[in-house]
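Working notes for the structure below.
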Amino acid sequence: MDAIGQLTELFELSQNTVFFTGAGISTESGIADFRSPGGIWSQIKPIQYNDFLADESTRLEDWRRRFHFQREFDAALPNDGHRFVADILERKHGLGVITQNIDGLHQRAGVTEDRIVEIHGNGTKATCLDCHSPMSLSQAKDFIELNGSAPRCERCNGLVKAAVVSFGQPMPQTKVLAAKQMAEACDLLVVLGSSLVVQPAATIPLIAKQGGAKLVILNKEVTHLDAVADLVMHVPIGETLKQVQTLSDGDL
Ligand SMILES: [Zn+2]
């Protein structure tokens, strides 16, 4: 059986599939992988969380960058990979998706908020750092235009920041825990477009594996977990999953 056939069979046999997605699924929608070599963070110095807290001009620069990404996210569309994930989760055997992406494309493909764990946050939203009240990016933009200063919370006057995990900001432990629980509960973990280098990405597939799940890795490059995976494919994601959909005759 070829790799597509094996992958289709793994999906057919699974009762509880979990997806783990990284930049590679969204580059197929035209979103730049900003952490990769040659990506934006190798050209522009990333803003550290402590500098955001300490300095008003750094906060304004951070917002300028957020609005730039927002335009990129708005211009992008979910692709066949995002649609496949949403389809599986909507039907009987999908538990959820853990993602390193901040672009909101899984939700735009139809994944509901209760099925997604965004371990690096969401760049299409903002929240108060003190009371966690939400603010939309367009409200933040209006605030800056009106006041010439970085947005403050309407409720408590706390600093508002894009709802992403910034460089130097601790990873939200509730999300890491939710991701680990999902990995423990699944019988099939499918990595889509992550090089599995940073934590907790590097360990989540191992948690699934230790719990007896099958591990599949679809990624352009080799990862350090390829050797322990049940199936590894260095292929385009959307195109491959579309073939799986076709081969299964819409039965997944
Ligand atoms: Zn607040």
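Values quoted throughout were computed directly from the atomic coordinates according to the rules given, and no laboratory measurement underlies them. This one's a predicted model, so the numbers in the text were calculated from it and none came from an experiment. Methodologically, a virtual Cβ is constructed for each residue, glycine included, from the backbone with ideal geometry; neighbour enumeration extends over all protein chains shown.
At 0.36 nm per residue, minus the direct Cα-Cα distance, what do D130 and E9 gain on full extension? Give it in nm, one decimal, please. The D130-E9 span can extend by a further 38.8 nm. Measuring between their Cα centroids, region 90-130 and region 163-214 lie 13 Å from each other. Assuming a ≥ b ≥ c are the square roots of the Cα gyration tensor eigenvalues, decide whether region 168-211 counts as rounded (a/c under 1.5), prolate (otherwise, with a/b larger than b/c) or oblate. Oblate shape, in that a/c is at least 1.5 and b/c is the bigger or equal ratio.
Note on the chain: with a GNM built from Cα contacts shorter than 10 Å, the maximum mean-square fluctuation among V117, V198, V176 falls on V198.
Every pair of different Cα atoms in region 1-131 enters the Kirkwood calculation, which places the hydrodynamic radius at 16.6 Å.
A helix-only calculation puts the chain at -11500 deg cm²/dmol for mean residue ellipticity at 222 nm, using -39500 (n - 2.57) for each DSSP H run of at least four residues, averaged over all residues.
Within the listed set K45, K125, K209, the Gaussian network model of the chain (springs between alpha-carbon atoms below 10 Å) gives the highest mean-square fluctuation for K45. Once the chain from E61 to D2 is taken as fully extended at 0.36 nm per residue, the excess over their C-alpha distance is 16.3 nm. Spacing of the modelled spin labels on M171 and A75, each 7 Å from Cα toward Cβ, amounts to 3.1 nm.
Between Q199 and E154, the contour length at 0.36 nm per residue exceeds the alpha carbon distance by 12.8 nm. Taking the chain as the reference, fit the longest principal axis to its C-alpha atoms, fit the long axis of helix 3-13 to the helix C-alpha atoms, and give the angle between the two in degrees, 0 to 90, nearest 10. That helix lies at roughly 90 degrees to the long axis. Relative contact order for the chain using alpha-carbon pairs under 8 Å, separation at least 6, rounded to a whole percent? Value for the chain: 26 percent. Amide H contacts under 5 Å for M233: I217, L218, N219, restricted to partners 5 or more places along the chain or on a different chain, H placed in the peptide plane at 1.01 Å from N. Using a Gaussian network model of the chain in which every pair of alpha carbons under 10 angstrom is joined by a spring, one finds that among G121, G24, G148 the greatest mean-square fluctuation is at G148. A cut-off of 5 Å between modelled amide H atoms, ignoring neighbours fewer than 5 places along the same chain, links K214 with L188, L189. For the chain, the fraction of C-alpha pairs farther apart than 31 angstrom is 26 percent. Quick one: work out the % antiparallel among DSSP beta bridges in region 94-252, nearest 5. Approximately 45 percent, going by the DSSP bridge assignments.
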